[in-house]
Structures are given as C-alpha cells and as structure tokens.
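FYI, it's all coordinate maths here, none of it is from the lab. What you see is a predicted model, and the numbers here were worked out from it, not measured in a lab. Using ideal geometry, Cβ is built from the backbone for each residue, glycine included, and neighbour counts are taken over all protein chains shown.
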Amino acid sequence: MSYLLTRRGYLRVTQGTILDVLQYLEVVFCLAALGLIVFRKQWEDYWALGCFLGLRVLENAIFIPLLYAGHTGLIERHRAYNIYVYTYWPGFALESILALMAVYGIFRLAMAPLKGLQTLGMLVFRWAAVISAAVSFGAAFSPHLKGGAKGYMIAAISQLQRTQGILTLCLLLFVCFAVRPMGLSYRSRIFGVSLGLSVSATTNLVQSAWLALTSKMYAEYSVVNGVAICLTFAIWAAYFAFPEPKRRIIVLPTTSPFLRWNQISLALGDDPGFVAVGGIPPDVFAPAELEIMQRASGKMVAPPTPFPRSLGA
C-alpha cells in the first residue's frame, strides 16, 4: 500500500484526501485570522499570536509542496521525510515559544486594570516559564535516549511543548474565573484567544501521550488533530471578525480578594522612602540652602550656634 507524506508523517492513502482538505483549510483559516488581526489594528496587543499564525503559514508553504514532491516522486521518499523532520521540529519549538509569549500577553491584557496583580503575576509567570524550559531541556537527557542529536532535539522540544500546554490550560482556568471580575465577557478577544490556545494545547498534550504509546502516526488521531487545528484558527478568526464589546468598569467590593491582593502587590512594588541617618556635612547643600537655614535658625527663641558653612567652621 502506498503512503503520503503529511505534516504528521506517512498516512494511508485512504486518509490522504481528508488530511489534504484539512491542511488547505488550515491555511485559509490561518490567513483569515492573521489578516483580521492586522485589519482590526490589534497587532500591538496580539503580536505574538500574529507571529505564531505567520509561522504556521510559512510552514505550510514548505510542507504542502513537500507533500506533493514526495507523492509524485520528485523527491525520494526518505529524503523528503528527513527534510520534513528537520523543518518540522525546529518550527514546532518556535511555535511553543510564541504560544508561551501569546499566553503571557493574554495575562497582561486580562490583568490590565489591576496593575499590582499584573506586575506580580507577570513576574511569577516569567520565572515559571524559565524554570519549566530549563527542566524540559534537562529532562530530555535520558540514558535510554536513542537517535543522538536528533533524538535529543525531539525529546527536548516535546518536553517544552508539554510545559507550554500546561501553562496555557492553567491560564484558561484563570481567565474563566476572572473574566467577570476583570470587566470582560465571553465575547472578549482575550477569552477567545485563550480558548483557541487551550484547544491547541490540549491537542498537543494528547499528541505527546499518543507518541509515548505508539510510534505510528497514521492512525485516526491525525485526522482529529487536523480538525482541532482548523477549529483553533476558526475560533480566532471569528473573534477578530466580530466587534468586541467594551470592557466594563471594574467595581469590586472591599472584601474582594482581587482588591486586597492588588493593594498588597502595589505596596510591595513601591520604592521605599529614604531618610538621612547620621551627620550631614554642610558641603552637600547649595549656598542658597545654607543661607535659608541660617536665617531660619536666627529667628528661633533661643538661637543656637550659627549654622556652619563648612566642615572647618
């Protein structure tokens, strides 16, 4: 039985038509979402998401001709597969990094009204992302790892993708609980982008579990994965196509934990005051300041000794 080269590997010809259609639909929805971000002038807020979509378009511009060349015999099948591997996995790593940056941007936008919590949360998020990435690359080292540098690359990128997926799902859980207190609605683009990222993260986590169980990628999962990718891009295109409702003014009760933690975060982030401790030499003052202080001391009931004008006075 002949095989087709696709984004996920070699698939049976009986599934090739469905996967081809899904891949073309992915490009259409991806271009639509990217164009709407630019058209709605949302690039400043969603630049990481726009770069993610642009990368997917570029990858498909490489993989679709590669699919055709591998199918028609223009490129030898194993050579085409090697090109696919060394193109797909670095692109997948860059996708994970851009997805993490998109999650970071979504959190910043969601917490914009509460500057204290926004600053504290962004600091925690940065440290969590850095530590998780370090653990991911460290966990890729395994005594049973096969494939040399290629095997390490695949293992490290897979670990990084799992980290990104878990952080994304945690963000969606937070956004679902905070959407009302933060003055947002379920028609907000912040929620829509989070929802799409969560669908993508869940699909990638399932893929990681699938790879741990079997090395064969021509099962029904590839079709499900293609549908999930198209659904993600369709969600983003729909949220950017329709007008976004204005953000409500936040009114929090005095007992709200959001309000209290925001006040604590603001207090922790303030610069401390400074006081002069110990003797201050007169040389640090300007001549006009010394003149004012000397005149003020002369008006006291019991004038002290004249204010020195120098250390030798």
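Structural remarks
- Burial ranking of peptide ranges 194-202, 234-242, 65-73 (average Cβ count within 10 Å, highest at the top): 194-202, 234-242, 65-73
- Pair TYR86, GLU291: separation of 7 Å Cα→Cβ label points (nm): 7.8 nm
- Model label zone, ALA112; criterion: amide N under 15 Å from point 7 Å along Cα-to-beta-carbon; scope the stretch 223-252: 244-250
- Pairwise FRET efficiency - ILE97 versus SER185, Cβ, R0 = 35 Å, nearest 0.05: 0.70
- Difference of contour (0.36 nm per residue) and Cα-Cα distance, TYR68 to ILE249: 59.8 nm
- R0 of 45 Å, Cβ-Cβ distance LYS41-HIS78: FRET efficiency to nearest 0.05: 0.45
- Working from label points 7 Å from Cα in the Cα-to-Cβ sense, the LEU58 to TYR24 distance is 2.6 nm.
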